[in-house]
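Accompanying notes for the structure given below.
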Amino acid sequence: MRGHAQQEHGQGDHHGHAHDHHGHDGAGCGGGHEAGDVIERAERVCQARGLQFTRLRRDVLAAVAAEHRPLGAYDIAERMSAPGRRVAAVSVYRALDFLTEQGLVHRISSRNAFVSCGHEHGAGAGLVFLICRTCGGIGEMTAPAVESALDQTLAAAGFTPTSRILEVEGECGTCRERGDLPEEPHRP
Ligand SMILES: [Zn+2]
Ligand SMILES: [Zn+2]
């Protein structure tokens with residue numbers, strides 16, 4: 001038993017803050033990102049593509065969508081497990097592969113963890129993830145200017161990318177405003 005429960009610490013609902021910044025012009029990330037919306041969109045996507053949205057896939061997506069920070073496969077398995085219902089990490093990985101392929105979740109390489117995506121960007125969109133080191137929150141944006149500059153650079157190098165996901169670590173606006181109070185779990 002590992003102490004993942006401590007990821008629940010924090011101060012209310014502020015963790016979604018990074019998402020609040022997706023209103024930038026041209027960000028292409030309109031639309032909601034509530035867990036319900038994410039599931040609904042997944043249903044539509046799977047139906048349109050003739051794919052099975054199994055209960056396992058749905059549960060994995062729901063677990064990821066419920067969290068505003070990246071979640072690892074083992075954390076997901078643990079959240080989905082209940083007394084008498086042990087979910088194996090390998091099953092979670094398989095579901096995550098599917099969800100990632102369909103663009104319903106994104107893998108954050110630097111964390112080896114996953115976030116759900118409620119955005120309507122295309123499969124080939126260059127994404128930029130803003131990862132807050134203080135609260136662990138994550139924001140997703142598309143950045144067309146960065147993308148086209150990157151494409152030119154890659155073309156000049158004769159390099160064909162398989163993905164162009166950028167991960168930027170730092171401090172989000174909310175944490176910066178709050179001052180330098182690290183969100184450590186202060187347990188008595
Ligand atoms: Zn996305
Ligand atoms: Zn933050």
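Every number in this text was worked out from the coordinates using simple rules, so none of it is lab data. Because the structure is predicted, anything quoted here is derived from the model rather than measured. Reconstructed Cβ throughout: ideal geometry from the backbone, glycine too, with neighbour counts over all protein chains shown.
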How much length is gained on full extension from residue 176 to residue 66, taking 0.36 nm per residue of separation minus their Cα-Cα distance?
37.2 nm
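With Cβ to Cβ distances under 13 Å as the rule, what net charge do the other residues near residue 100 carry (K, R +1; D, E -1)? Write down the numbers at each step before the final one.
On the way: positive: 57, 94, 107; negative: 97, 101.
Neighbour charge sum, excluding residue 100 itself: +1.
Below 8 Å between Cα atoms, with a sequence gap of 6+, how large is the relative contact order for segment 34-118 in percent? Write out the running numbers ahead of the final one.
Working: 103 pairs, mean separation 28.8, N = 85.
Relative contact order, segment 34-118: 34 percent.
Between residue 152 and residue 82, what is 0.36 nm times their sequence separation minus the Cα-Cα distance? Round to one decimal in nm.
Values: separation 70, 0.36 × 70 = 25.20 nm, distance 4.96 nm.
Full extension of this stretch gives 20.2 nm more.
For segment 34-118, what value does the Rg/Rh ratio take when both radii are computed over Cα atoms and Rh is the Kirkwood radius, given to two decimals?
Numbers: Rg = 11.9 Å, Rh = 12.6 Å.
Rg/Rh: 0.94.
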What is the distance in Å between the Cα centroid of segment 75-153 and that of segment 154-175?
14 Å
R0 of 30 Å, Cβ-Cβ distance residue 89-residue 52: FRET efficiency to nearest 0.05
0.90
